[in-house]
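J.: This is the structure I have questions about; it appears just below.
The values are calculated or read from the model by the stated rules, or taken from the named source; none is laboratory data. These numbers come from a predicted model, not from an experiment. Counting neighbours? That spans all protein chains shown, and the Cβs are built from the backbone with ideal geometry, glycine included.
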Amino acid sequence: MNKDILKNLGLSKIKKDGFYPSVLIAKDYIYSKGNKKSVFSPINNERTASFRELKAHYIDETLDKLHKSFKQWRKVPAPKRALLISEIKTQAIKNKKDLAYLITLESGKIYEEALGEVQEFIDICDFAIGLSRQLYGLSITSERYKHKIIEQWYPLGTISIISAFNFPMAVWAWNAMLALVCGNTILWKPSNQAPLCALACFLLVQKALKKFKDYPQDIFAVIIASRKASKNILKNKKSSLISATGSVAMGKKIAPIIAKRLGKSLFELGGNNALIVCKSADLDLALKAVVFSAIGTAGQRCTSLRRLFVHKSIKKVFQEKLIAAYKSLNIGNPFEEKNIMGPLINKKSYENMQEALHLIKKQKGEIIYGGERILQKEETNSYYVKPALVKINHKALIVQNETFAPILYLMDFENIKEAIEMNNEVNQGLSSSIFTNDLKEAELFTSIFGSDCGLANVNVGTSGAEIGAAFGGEKDTGGGRESGSDAWKNYMRRLSSSINYGNETILSQGINFS
Ligand code: NAD
């Protein structure tokens, strides 16, 4: 581990007796007293951090504090809140390489992708700054004489963010920068696989806040908590919105707990993304997109390509190109520039992949390339694998679920209608793509008769979304939208007002009540 980077980011300073704090809000750090929990890097299984398990009541106390500071923060006009975000952006740019180092260390994604993730953080800061002068509502014509209707947007409260290991910074930033500019306070429970990224972002925000002495300093808290303790985030009414990113299984577990108190939620859950390569497609373009989408972050992106549908007439040639491309991939330490793919996150993930490969064979699939572990020179409990290419029927049970590992299912189709049907037949609905030079096929795919996902791209792969668009998926993916477009509305409450500037009482719907 690079101690200089930990020092630069201020992490060494907050370590006490070998432990990091489990709760951070303003200058208050809580080093709880529970059992020891350690975190290990997927790169070489080196211990990266240790914490003590948190008692759930600390979560309620932190939410109380955030709720109190919300009442101060919402008074700051949005363009003035943006000044803070501008400073956060400056800090993110200044520390880009160090932040990317932590992302690679904790998630195992290659450093180049980690730099891209910090860039997303920077980009969403820009977006939020611009938004600060555009949090506008509507003026609506009224059916009544000398009446008008207006719609306004106000801050919501405290936004509780639960994030996954595979985007340990960007997903927080998407949520947090919008939530902040909209006037909310934030509680962040990161993945227990990637706590250092969260601590570093916390310290970065506190550094930025120091420049604004008259702003409340306790608008953002990080808690490192077990799933059990995290229940308090879900149950507490002071979590005005729970924005949760993770697996469909996680969403199904936590949704009823939030729903029980009629709380608001925003879900960004698992995908099972497909890409269609049509007869007319530019195959070189398609090949690059397929490979990046399938093996980027070692197949551990929510938008990773899982299902590939290739037109019957080109399936042989495309398969050959794909195998050749897979054979040429360098896999290994994600900090080394030559490597294009790093490790799986942990042993469990490797076991899940092997179990999936076993089920593939049982379900009459054929592994035509990869799947096996690549042992390192020094044996270290790290899990590097060759990405797998599998021929299988699209109806096979295993194809219906997301295996969070680099397994790509190859299937063929005869006509576009059939390909779109296969694209839509799974429960998840995050990302999808079509590669075609046929205008009608492209238009059909993005039409009401096309992909039923949240994202449907043309001649662009399934992963690597820009922050300008609203990001999210339909069906079991949860229906949430984050990041660009009007996703900011999720972090605000809408107020509709009817205003009478005349001298008569006029009831709507023409009701006469005299
Ligand atoms: P995960 O579901 O195991 O965990 C995600 C987060 O939820 C973690 O912080 C975890 O601690 C927390 N969590 C899990 N169960 C919980 C519970 N019962 N109560 C409270 N918190 C709980 O997912 P992961 O392995 O970290 O990430 C991979 C998954 O996330 C994949 O399914 C991937 O598709 C999905 N993902 C989706 C998006 C998206 O935008 N749609 C983005 C990234 C990842």
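J.: If we keep just the residues of the stretch 90-104 that are under 22 Å from ILE345 (Cα atoms) and out of contact with any Leu (no Cβ under 7 Å at 6 or more places or on another chain), which is surrounded by the fewest Cβ atoms within 10 Å (Cβ to Cβ)?
T.: Looking at the filtered set, the residue picked out is LYS97.
J.: For the structure I just gave you, tell me whether LYS312 is loosely packed, with under 15 Cβ neighbours inside 10 Å, within 22 Å of LYS395 (Cβ to Cβ) and either within 30 Å of the chain's Cα centre (by Cα) or more than 16 Å from the ligand (Cβ to nearest atom) (or both).
T.: yes
J.: Of the conditions (1) within 21 Å of ALA294 (Cβ to Cβ); (2) crowded, with 19+ Cβ neighbours inside 10 Å, ASN427 fails just one. Which one is it?
T.: With respect to (1) within 21 Å of ALA294 (Cβ to Cβ); (2) crowded, with 19+ Cβ neighbours inside 10 Å, ASN427 is out only on (2).
J.: Return the pair list, or none, for Cβ contacts closer than 8 Å from residues in the stretch 303-320 that are more than 10 Å from ASP412 (Cβ to Cβ) to residues that are at pLDDT 95 or above and of a type in the set (D, E, K, R), at least 6 apart or on different chains.
T.: ARG306/GLU402
J.: Yes or no: GLU117 in a helix (DSSP H, G or I), in the same structural domain as THR48 (by TED's automatic domain parsing) and under 27 Å from SER239 (Cβ atoms)?
T.: yes
J.: Looking only at the stretch 25-40, which residues are surrounded by fewer than 16 Cβ atoms within 10 Å (Cβ to Cβ) and polar (S, T, N, Q)?
T.: Once the filter is applied, which keeps residues that are surrounded by fewer than 16 Cβ atoms within 10 Å (Cβ to Cβ) and polar (S, T, N, Q), the stretch 25-40 yields ASN35, SER38.
J.: Given SER243, SER293, which one is buried (at least 17 other Cβ atoms within 10 Å of the Cβ), in contact (Cβ under 8 Å) with a residue 60 or more places away in the chain, touching a helix residue (DSSP H, G or I) at 6+ places or on another chain (Cβ under 7 Å) and of a type outside the set (Lys, Arg)?
T.: SER243
J.: Another question, if that's okay. Please work out if ALA200 is within 27 Å of ARG301 (Cβ to Cβ), touching an Asp or Glu at 6+ places or on another chain (Cβ under 8 Å) and away from the ligand (no atom under 16 Å from the Cβ).
T.: Judged against the criteria, ALA200 is a match.
J.: Another question, if that's okay. Give me the helices (runs of 4 or more DSSP H) completely within the stretch 375-478, filtered to those with at least 1 residues that are within 15 Å of the ligand (Cβ to nearest atom) and in contact (Cβ under 8 Å) with a residue 60 or more places away in the chain, ordered by residue number.
T.: In the stretch 375-478, 397-400 are the helices (runs of 4 or more DSSP H) which contain 1 or more residues that are within 15 Å of the ligand (Cβ to nearest atom) and in contact (Cβ under 8 Å) with a residue 60 or more places away in the chain.
J.: Would you confirm whether or not the stretch 325-346 contains a residue that is part of a helix (DSSP H, G or I), surrounded by fewer than 23 Cβ atoms within 10 Å (Cβ to Cβ) and polar (S, T, N, Q)?
T.: Within the stretch 325-346, not a single residue is part of a helix (DSSP H, G or I), surrounded by fewer than 23 Cβ atoms within 10 Å (Cβ to Cβ) and polar (S, T, N, Q).
Okay, residues lined up against (1) within 16 Å of the ligand (Cβ to nearest atom); (2) of a type in the set (D, E, K, R):
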position: THR245; (1), (2): yes, no
position: PRO256; (1), (2): yes, no
position: LEU283; (1), (2): no, no
position: LEU287; (1), (2): no, no
position: ILE295; (1), (2): yes, no
position: ARG306; (1), (2): yes, yes
position: TYR326; (1), (2): no, no
position: GLU336; (1), (2): no, yes
